[in-house]
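See structure below.
The values are calculated or read from the model by the stated rules, or taken from the named source; none is laboratory data. The structure presented is a predicted model; accordingly, all values stated were derived computationally and were not measured. For neighbour counting, all protein chains shown are included, and Cβ atoms are generated from backbone atoms with ideal geometry for every residue, glycine included.
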């Protein structure tokens with residue numbers, strides 16, 4: 001091992017004391033907390049879901065907003 005002079009050793013000891021002063025958590029705990037946070041906050045439905053086509057078919061019946069049903073408004077879009 002390389003020999004250190006006294007100032008280098010003092011710096012090393014101070015650095016180790018400084019690092020020791022911080023409370024550290026295990027990475028296994030922080031990783032599970034991070035995964036839980038991501039699952040709680042990621043937007044739902046951002047990725048394709050199996051069966052989503054059955055719930056929201058393309059085409060089919062025309063749907064009119066409820067506020068326009070009273071006026072008899074028809075959509076201008078072709079079927």
Give me the pairs: first residue in the stretch 7-19 and at negative phi and without any contact (Cβ under 8 Å) to a residue 12 or more places away in the chain, second residue surrounded by 10 or more Cβ atoms within 10 Å (Cβ to Cβ) and assigned to a helix (DSSP H, G or I), beta-carbon distance under 9 Å, and six or more apart or on different chains, which are they? none
Could you check, for the stretch 1-18, whether at least one of its residues is more than 33 Å from the chain's Cα centre (by Cα) and at pLDDT below 60? yes
